Amino acid sequence: MKDIITMGEFVIKNQGDFPYAKGELSSLLSALRLAAKVMNSQINKAGLVDHLLGSVGTQNIQGEEQKKLDLYANELFIKALKARDQVCGIASEEEEKVVLFENESGVNGKYVVLIDPIDGSSNIEVNVSIGTIFAIYRRITPIGKPASLEDFLQPGNKQVAAGYIIFGSSTMIVFTTGNGVNGFTYDPAIGVFYLSHPNIKIPEKGKIYSINEGNYEYFSPSLKDYIHYCKQIDPATNRPYAGRYIGSMIADFHRNLLKGGIYMYPATSDAPKGKLRLLYECNPMAFLIEQAGGKACDGEQRIMDIVPTELHERTAIFVGSSKMVEDLEAFHNKKEVG
Ligand code: AHG
Ligand code: MN
Ligand code: MN
């Protein structure tokens, strides 16, 4: 039998890797872990109970239909994080403005958390993998006062931790604190996350490309050229690549992280800033992929170097195996692919 390490033990043993005071990370991550367990139990019975499936009839600030589970998860994560001393506020895809906690931790908490409570909302009703994405930053405004928007508008390179919870054929938490990426699988019979994927590294080259190709006619000429390249027959470079697109970035990302591949959500002629949100979708994924040895860019620059100006701003993203992202960049810059 392999060594059994729980996520709780792992975090305590490795909290020296966290650049700040001991205990803070374990408390914060344990709040996320607890919410993950509640989510796991709810999602597993989503088809059986009315209050979890379907739409609410409202739209979020981005004009997207809100599902019951989007709002349930939003409230759950806010409640779980508010209960910890470390967090002074959160930003969420489902909240127009930042939520600043009006309790003791609202003034003294050192961290802000940004979340996409449910990624892949359109897949909830069809029993396909969904998840939760989170990014954690240290606040930059002085402790002792309520936090403010600037604490949330930090570039991704300032993240102190990031990760996701994926509700797939099993439930996993994958996270980084800037010292590699580790994955933990949930055993629902016992209620514990165990270290199952230590020190994840993405293969330098993969053979999977993931993009919503239905938007092809809206793509730039250089992206169309790259898609054509993915389909060409060239056994020496593993082409043609396999096309895989689930429609939950978390699930597409997780598969590509383990197998090697590239996930793309480009800017298009009808959505010039792309679709995905920089602060709580792209930055955490970019931090994870870099920590796993891969790359994330918007076609022009590293995702984590983008200086945000708005809470819900969008960006194009190309993320995955380093060689594949470099090839994409070469097409973008019209250079030879090597
Ligand atoms: P969310 O459910 O948080 O709104 O995110 C959905 C995102 C992402 O998960 C997914 O990859 C992408 O939207 C799918 O978009 P398309 O349907 O346009 O391909
Ligand atoms: Mn999302
Ligand atoms: Mn979402």
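The values are calculated or read from the model by the stated rules, or taken from the named source; none is laboratory data. None of the values given here were measured: they were computed from a predicted structure. Here the Cβ is made from the backbone with ideal geometry for all residues, glycine too, and neighbour counts use every protein chain on show. Accessible surface areas use protein heavy atoms only, side chains included; no ligands, DNA or RNA. Shrake-Rupley method; radii C 1.70, N 1.55, O 1.52, S 1.80 Å.
Compactness ratio of segment 1-118: Cα Rg over 2.2 N^0.38 Å, N = residue count?
My calculation over the Cα atoms of segment 1-118 gives 1.22.
For segment 208-332, take every pair of Cα atoms, bin their distances at 10 Å starting from 0, and report each bin as a whole percent.
14, 49, 33, 4, 0
Per residue and in Å³, how big is the convex hull formed by the alpha-carbon atoms of the chain?
139
Can you give the FRET efficiency for Ile140 and Thr237, using 1/(1 + (r/R0)^6), R0 = 35 Å, r = Cβ-Cβ distance, to the nearest 0.05?
0.20
Might you tell me the accessible area per residue for the chain, computed with a 1.4 Å probe and given in Å²?
With the other protein chains kept in place, the chain gives 43 Å² per residue.
For the chain, with all protein chains present and a 1.4 Å probe, just round the carbon and sulfur fraction of the accessible area to a whole percent.
50
Using every Cα-Cα pair within segment 7-197, state what percent have a distance larger than 26 Å. Before the final figure, lay out the partial values.
Details: 5526 of 18145 pairs.
Roughly 30 percent, rounded to a whole number.
Just to confirm the filter: which GluC sites (Glu not before Pro) across segment 1-108 are DSSP coil and have at most 15 other Cβ within 10 angstrom of their Cβ? Don't skip to the end; give the middle numbers.
Working: sites: Glu9, Glu24, Glu64, Glu65, Glu75, Glu93, Glu94, Glu95, Glu96, Glu102, Glu104; in loops: Glu64, Glu93, Glu94, Glu95, Glu96, Glu102.
Those satisfying the criteria are Glu64, Glu96, Glu102.
Let me spell out the model: positive unit charges on the Cβ of Lys and Arg, negative unit charges on the Cβ of Asp and Glu, origin at the Cα centre of segment 7-197. What dipole size does that give, in debye rounded to 20?
Values: 16 positive and 21 negative charges, 127 e Å.
Roughly 600 debye, rounded to the nearest 20.
Quick one: the Cα spread of segment 133-283 along its three principal axes, in angstroms, biggest first?
For segment 133-283, the Cα spread along each principal axis is 59, 41, 25 Å.
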